[in-house]
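Any read-out appearing in this document is the output of simple, stated calculations on the displayed coordinates, not a laboratory observation. This structure is a prediction, so every number in the text was calculated from the model and none was measured. Virtual Cβ from ideal backbone geometry, glycine too; neighbours counted across all protein chains shown.
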Amino acid sequence: MSKPKELILNQELRIFHDDGIIPTGDWIWVFGSNLKGIHGKGAAKVARVNFRAEYGVGDGPTGRAYAIPTKDRQIKSLPLADIAASVARFLEYAAQQPKTRFFVTAIGTQLAGYSNDQIGPMFADAPANCALPAQWRVYGTQPRRAIAPDQDKTTLRSEAS
């Protein structure tokens, strides 16, 4: 049985996903974190509960997830330059693992309080193995295809399920 087209990864395809989707299978969940690694709310909590992100790890790989710090140890939003540096480290990490699939959440746009216009462009040159939030489509540089939340329920499910 072949994989659904929206999950085929190659250099000519950019994958986008809608908010509220939690991937199943071998995806790595990429989420905004705080440097304390508390993982208590939002996508960070999903990382802890569904992807085994370790408490106390607020930067880099953890469980089946990758933490990008958007808040400091006092749980205050980090400056955009610091977030951009962390995003650049993640993009380099993802590029070094072309067969690994990364499901990037809209880091920094909820609890850290930044806009999509401030964070989305940081991912404009993300490697093809990164699925990005649909609202960041305008910042992408590669051809792309959207994933609708009602497609392939065996591979993607909503947070409500």
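Is the shape of segment 62-142 best called rounded, prolate or oblate, per the rule: a/c under 1.5 gives rounded, else a/b larger than b/c gives prolate, else oblate, with a ≥ b ≥ c the square roots of the Cα gyration tensor eigenvalues?
In terms of gyration-tensor shape, oblate.
Give me the net charge for the shell around His39: Cβ to Cβ below 10 angstrom, other residues only, Lys and Arg +1, Asp and Glu -1.
Value of the local net charge: +3.
Taking 2.2 N^0.38 Å as the expected size of a compact globular protein, what ratio does the Cα radius of gyration of segment 8-62 give against it, to two decimals?
Normalised Rg, Cα atoms only: 1.25.
Calculate, axis by axis, the spread of Cα positions in segment 40-105 along the three principal axes, and write the results as whole Å, longest axis first.
Answer, in whole Å and largest first: 35, 29, 17 Å.
Give, to the nearest whole percent, the P(r) tail of segment 1-136 beyond 21 angstrom, counting all Cα pairs.
Above the 21 Å cut-off, segment 1-136 has 35 percent of its Cα pairs.
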